[in-house]
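The values are calculated or read from the model by the stated rules, or taken from the named source; none is laboratory data. Since the structure is predicted, the reported quantities are computational estimates derived from the model, not experimental observations. Don't worry about glycine lacking a Cβ; one is built from the backbone with ideal geometry, like all the others, and counts go over all protein chains shown.
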Amino acid sequence: MENNKIEYEILRDILKISNSTLNLHERLNQVVEKIVNKMHVDAGAVYLMKKGGEALSLKAAVGLNPEMINGISLKVGEGITGWVAVEKTPLAVRDIFQDPRMKKFPGSGEEKYRSMISTPILFLGKCLGVINIWTIAEKEFTTDDLHLLSSIADGIGGSIRNAQLYLDATEQYEELVSLYDISKMLSSTLELQELIGMVTRKSTEFIGASGCMLHLLDGNDNLLKVKSMYGLYKNPEEISRTHLKLGEGTAGQVAAKAAPMMINKLSKDSENVLPMERIFSSLLCVPMTVKERVIGTLTLHDKKDAFGALVPFDKDDMNLLMALASQGALVLENAWNYERAERLFQENAQKANDFAILYEISNAMSTTMNLDQLLQIILKAVTFGGGLNFNRSILLLVNEKTNTLQGMLGVGPDSGEDAFRIWTEIGSKKMSFKEWIASVKASGHDRTSRFDHLAKGIRIPIEYGKGVLALTVLEKRGFNIRNAREDLRINPEILQKLEFESFATVPLISQDRVIGVIIVDNLYNKREITENDLRRLELFASQAGLAIENAKVYSDLEMAARSIRELQDRLIQSEKMAALGEMAASIAHEIRNPLVSIGGFARRLDSKLDASNPEKRYSRIIVKEVGRLEKVLQEVLAFSRSAEPMFSECNVITILEEALEVFEESFSESGIEVSRDFHDGIPTIHVDSNQIKQVFINLFSNAQHAMSKGGRLSVGCEYKEVEGEVMVYVSDTGGGISEDVITNIFNPFFTTKHTGTGLGLAITHRVVDAHGGDILVKNEPGVGVTFSISLPARQKQGAAIQEMDLSEARTSLKGKEIHHKGQEDFLDDKVKG
Amino acid sequence: MKTVLIVDDEENIRTLYKEELTDEGYHVILASNGYEALEVLSVQKPDAIILDIKMPGMDGVNLLKLIKERKEDDIPVIICSAYEEYKQDFSLWASEEYIVKSSDLTKMKSALKRILK
């Protein structure tokens with residue numbers, strides 16, 4: 001009874017240990033410990049048969065030198081243990097040293113024991129190993145002891161067998177994994193299929209069934225699907241078509257409960273069995289689990305013995321199949337992990353490829369600072385097959401002044417045929433991205449497409465309610481529009497024009513500011529725009545945004561630089577002009593003296609010649625032409641001097657009278673009547689009297705020219721106290737100026753006269769301007785012209801300097817101030833704008 | 001008969017002035033620069049002087065200064081120059097008139113007439 005109880009306890013514990021998840025070595029250790037404890041002996045050991053069945057190896061021991069584990073190798077038939085392995089019968093030895101079969105293993109720790117029991121571990125008639133127990137004191141073991149140890153040996157036999165199979169399978173698995181590693185380049189899915197096939201084949205062969213099928217649980221729809229069949233199935237198509245829910249059929253129940261199922265009396269009436277399975281007489285189904293998660297099932301049908309007769313499945317079969325299933329599950333898991341790893345690798349490779357393309361694009365973008373060319377490159381990159389691969393693309397930029405989105409460029413075929421042609425062309429050329437960018441830069445703009453034309457016409461206010469493009473700017477994010485026609489956010493006008501069906505937008509961002517938007521679609525090949533596409537597009541857009549901003553800054557800089565250059569040119573020009581003016585003045589002076597002689601003597605000649613003398617005509621011509629030359633000289637000198645006014649306190653009326661005096665004779669000759677309207681109390685003004693006189697002379701000269709057949713010249717002067725201005729009016733009755741002429745009257749060298757330089761009114765304008773005054777023309781066609789000149793009564797600058805009587809210093813200083821101020825304003829405008 | 005001293009470095013101009021003013025009934029003396037003019041002035045006193053400004057040797061400006069310093073000789077001076085721009089300055093210099101040279105001598109003649117009334 002006592003022994004029975006111990007036996008029961010030990011067997012129960014050993015069964016527990018055997019079914020645990022521990023590896024074989026640990027399991028055997030625990031078993032040995034259990035035996036030594038429960039049977040009250042001093043030592044215990046388990047030897048396992050090596051492959052080939054020719055030797056035993058110490059695998060677990062209590063009370064022996066632990067270093068001997070895996071170190072002692074016994075030939076079958078050698079020593080007491082070897083004898084037991086050969087005879088397959090348990091043996092109790094009272095005094096080891098007296099036993100002729102005894103063989104010493106120095107250092108094993110065995111030598112101190114005197115009595116022992118050695119029991120073979122048998123499985124299906126084969127010796128898998130030997131269990132020994134020892135006592136130090138001499139002991140007569142009972143048959144009960146022998147029986148107990150034999151029972152234990154029987155009990156762990158299956159477990160050891162499973163474990164060995166497991167070990168074998170592990171070895172094979174490792175082999176497979178290395179095979180798998182080698183062949184992973186070829187096809188991982190094929191490999192996985194082969195693995196599964198191997199599991200079903202091995203299972204069938206090991207247990208001797210008619211067939212085996214492997215279901216895997218599909219994580220997406222939670223259905224069990226047949227992944228592999230081995231053996232003779234009459235209806236493989238039907239089987240593979242039948243997907244099982246959890247709980248449905250044997251496989252479904254096994255998977256749901258994660259517990260094996262064995263039916264040895266299948267009939268047509270069996271419950272919970274699929275009809276197609278009822279043709280078999282027996283089945284064994286076990287779950288395939290990885291880390292307690294069911295991934296599928298393994299089912300064997302119709303076990304047959306060596307002679308082909310149907311035999312029932314038993315517990316050993318179940319254990320074996322479970323071992324195979326768990327093994328298979330591990331292999332599958334591994335394969336899946338590998339597949340996942342490979343998928344990750346591929347995704348990473350895709351990312352790496354994305355980055356490579358982006359890098360190339362950004363390189364390409366950095367090759368140009370020309371905004372137009374840059375936009376071309378950007379959109380080509382978006383539509384290039386090796387790039388982002390969209391069919392069509394539009395780039396819009398934000399116009400901050402008008403707060404609108406403005407279409408800049410559209411790239412894409414106009415029609416399906418066009419698309420096909422372009423793609424075949426590109427395909428046949430097999431250009432790399434770099435070559436292709438080079439060709440973009442070389443060819444400049446494409447021929448203008450209708451699409452580009454339409455794209456350039458887009459103007460969208462950046463406000464809510466103005467469509468998805470405005471939203472892209474306002475919300476700083478992209479949109480993926482699957483059905484443009486039904487999406488209320490879409491601006492219908494654009495939709496119609498550009499035939500968008502589904503498209504995506506992405507903002508171009510630079511320094512946290514949306515500077516534009518890219519729209520893409522796949523109108524021609526209808527490829528769906530995926531999240532991955534968008535992600536790549538966004539990545540690209542951030543690059544493009546920066547590049548555009550750079551190009552803009554560059555073009556602004558270039559413009560500023562150009563402005564500075566222009567300004568510099570103008571300064572140089574004005575210096576040149578000043579130098580030219582000086583030269584003109586000195587030449588004019590040199591010319592003046594000979595002109596006086598020529599003209600003077602011509603006049604003398606003329607006065608001495610009688611009117612009837614034909615030479616009189618010649619002398620008149622000389623006198624007239626010299627007069628003309630002298631007038632030209634006067635104007636040129638006035639023009640060259642006008643840059644530097646010399647100010648003094650003057651009375652305007654005096655200047656007016658002086659100017660009128662010049663024309664006194666000629667006015668009366670031409671029959672021009674002069675009327676004066678000079679108000680009282682007109683203050684002196686601070687002007688260059690010579691220049692102002694020149695102004696009046698020019699105006700009178702024009703009036704005289706306009707009234708060559710007589711008329712009235714009205715000259716007025718008044719003081720406008722509020723404005724602090726002295727006003728001078730000069731009116732003629734010469735019939736006015738024609739409209740096409742009046743716009744040009746202040747242009748230098750424009751003249752309607754047959755004589756004169758045309759500089760007159762230009763000088764007038766310049767002088768009045770330099771005095772801070774204003775000149776207005778009132779033209780009454782058919783009547784006459786009135787010029788109104790306003791001059792400030794007080795010059796606004798230089799009051800203190802004025803007292804120092806350094807008129808030249810002052811004027812040149814003032815001139816410089818004007819230049820400087822002008823320069824700053826100009827730069828400011830350019831840089832800001 | 002009134003005597004007029006003409007000071008100008010241009011011979012043709014001197015000739016022109018002389019012939020014109022002689023025709024007008026003046027007695028004309030010529031000098032081609034300031035020094036010559038001073039020599040003339042040391043021996044006789046003309047009724048008026050017609051003076052050019054830009055001349056080699058002593059120019060019109062210096063001559064005018066010397067003439068005005070000699071208070072006993074209150075001879076009126078008419079400046080007749082190719083330069084317009086000194087006109088303002090010379091009005092301060094107590095010259096009677098500043099005339100910009102021209103082939104038309106009407107202005108000079110009328111100025112002389114006015115001064116020597």
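Below, the figures for the structure above:
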{"item": "Among residues of the stretch A:591-603, those that are surrounded by fewer than 17 Cβ atoms within 10 Å (Cβ to Cβ) and either of a type in the set (K, R) or more than 8 Å from chain B (Cβ to nearest Cβ) (or both), counted", "result": "1"}
{"item": "Test result for B:L5, within 14 Å of another protein chain (Cβ to nearest Cβ) and either over 12 Å from the mean Cα position of the chain (by Cα) or surrounded by 16 or more Cβ atoms within 10 Å (Cβ to Cβ) (or both)", "result": "no"}
{"item": "The one condition in (1) under 30 Å from A:G724 (Cβ atoms); (2) of a type in the set (K, R); (3) touching a Gly at 6+ places or on another chain (Cβ under 8 Å) that A:K693 fails to fulfil", "result": "(3)"}
{"item": "Set A:I529, A:I564, A:I587: member being more than 25 Å from A:P461 (Cβ to Cβ) and within 14 Å of another protein chain (Cβ to nearest Cβ)", "result": "A:I587"}
{"item": "Residue match in the stretch B:74-87 (condition: in contact (Cβ under 8 Å) with a residue 40 or more places away in the chain, within 14 Å of another protein chain (Cβ to nearest Cβ), more than 16 Å from B:I115 (Cβ to Cβ) and of a type outside the set (A, V, I, L, M))", "result": "no"}
{"item": "Filter pass, A:K225 being surrounded by fewer than 16 Cβ atoms within 10 Å (Cβ to Cβ) and either assigned by TED's automatic domain parsing to the domain that holds A:I207 or not charged (D, E, K, R) (or both)", "result": "no"}
{"item": "Test set (1) under 29 Å from A:R12 (Cα atoms); (2) in a helix (DSSP H, G or I) - A:F97 fails condition number", "result": "(1)"}
{"item": "Which listed residue is in the same structural domain as A:S150 (by TED's automatic domain parsing), among the aliphatic types (A, V, I, L, M), under 19 Å from A:S150 (Cα atoms) and part of a helix (DSSP H, G or I), from A:V41, A:V31", "result": "A:V31"}
{"item": "Candidates A:V662, A:V722 - the one that is exposed (fewer than 13 other Cβ atoms within 10 Å of the Cβ) and modelled with pLDDT under 85", "result": "A:V722"}
{"item": "Exclusive hit being of a type in the set (G, A, S), in contact with a strand residue (DSSP E or B) (Cβ under 9 Å, 6 or more places away or on another chain) and outside any loop (DSSP other than H, G, I, E, B), set A:A551, A:A504", "result": "A:A504"}
{"item": "Enumeration of residues in the stretch A:22-77 that are of a type in the set (G, A, S) and within 20 Å of A:I10 (Cβ to Cβ)", "result": "A:A43, A:G44, A:A45, A:A60, A:A61, A:G63"}
{"item": "Test: residue in the stretch B:90-103 that is over 13 Å from the mean Cα position of the chain (by Cα), modelled with pLDDT of 85 or more, surrounded by 13 or more Cβ atoms within 10 Å (Cβ to Cβ) and on the phi < 0 side of the Ramachandran plot", "result": "yes"}
{"item": "Single match in A:R94, A:R101 (criterion: surrounded by 15 or more Cβ atoms within 10 Å (Cβ to Cβ), basic (K, R) and modelled with pLDDT of 80 or more)", "result": "A:R101"}
{"item": "Residue ID - modelled with the highest pLDDT, chosen from residues in the stretch A:127-155 that are within 22 Å of A:G52 (Cα to Cα) and assigned to a helix (DSSP H, G or I)", "result": "A:A153"}
{"item": "Residue within the stretch A:507-528 that is surrounded by 21 or more Cβ atoms within 10 Å (Cβ to Cβ), part of a helix (DSSP H, G or I), in the same structural domain as A:V382 (by TED's automatic domain parsing) and touching a Gly at 6+ places or on another chain (Cβ under 8 Å) present", "result": "no"}
{"item": "Tally, over the stretch B:2-30, of residues that are within 21 Å of B:V100 (Cβ to Cβ) and of a type in the set (G, A, S)", "result": "0"}
{"item": "Any hit, the stretch A:750-762, residues being over 60 Å from the mean Cα position of the chain (by Cα) and at pLDDT 65 or above", "result": "yes"}
{"item": "Lone unmet requirement of (1) away from chain B (no Cβ under 11 Å); (2) within 30 Å of A:Q691 (Cβ to Cβ) for A:E630", "result": "(1)"}
{"item": "Selection status of A:S281, among the small types (G, A, S) and over 21 Å from A:I207 (Cβ atoms)", "result": "no"}
{"item": "Scan of the stretch A:261-274 for residues that are surrounded by 11 or more Cβ atoms within 10 Å (Cβ to Cβ), over 13 Å from A:A251 (Cα atoms) and modelled with pLDDT of 75 or more, ordered by number", "result": "A:N264, A:L266"}
{"item": "Residue ID - modelled with the highest pLDDT, chosen from residues in the stretch A:283-318 that are acidic (D, E), more than 25 Å from A:E333 (Cβ to Cβ) and surrounded by fewer than 20 Cβ atoms within 10 Å (Cβ to Cβ)", "result": "A:D314"}
{"item": "The stretch A:243-260: number of residues that are crowded, with 20+ Cβ neighbours inside 10 Å and free of Cβ contacts under 8 Å to residues at least 40 places away in the same chain", "result": "3"}
{"item": "Within the stretch A:688-708, considering residues that are more than 12 Å from chain B (Cβ to nearest Cβ) and not in a helix (DSSP H, G or I), the one farthest from A:L656 (Cα to Cα)", "result": "A:S708"}
{"item": "Meets criteria (more than 17 Å from the chain's Cα centre (by Cα) and assigned to a helix (DSSP H, G or I)) for A:R485", "result": "yes"}
{"item": "Of the criteria (1) within 14 Å of A:L324 (Cβ to Cβ); (2) modelled with pLDDT under 75; (3) loosely packed, with under 14 Cβ neighbours inside 10 Å, which one A:E205 fails", "result": "(2)"}
{"item": "Within the stretch A:357-416, considering residues that are hydroxyl-bearing (S, T, Y) and modelled with pLDDT under 85, the one nearest to A:L537 (Cα to Cα)", "result": "A:T383"}
{"item": "Residue list for the stretch B:11-54, filter: among the acidic types (D, E), away from chain A (no Cβ under 14 Å) and part of a helix (DSSP H, G or I)", "result": "B:E36, B:E39"}
{"item": "Test: residue in the stretch B:55-68 that is part of a strand (DSSP E or B), more than 14 Å from every other protein chain (Cβ to nearest Cβ), over 25 Å from A:S586 (Cβ atoms) and in contact with a helix residue (DSSP H, G or I) (Cβ under 8 Å, 6 or more places away or on another chain)", "result": "no"}
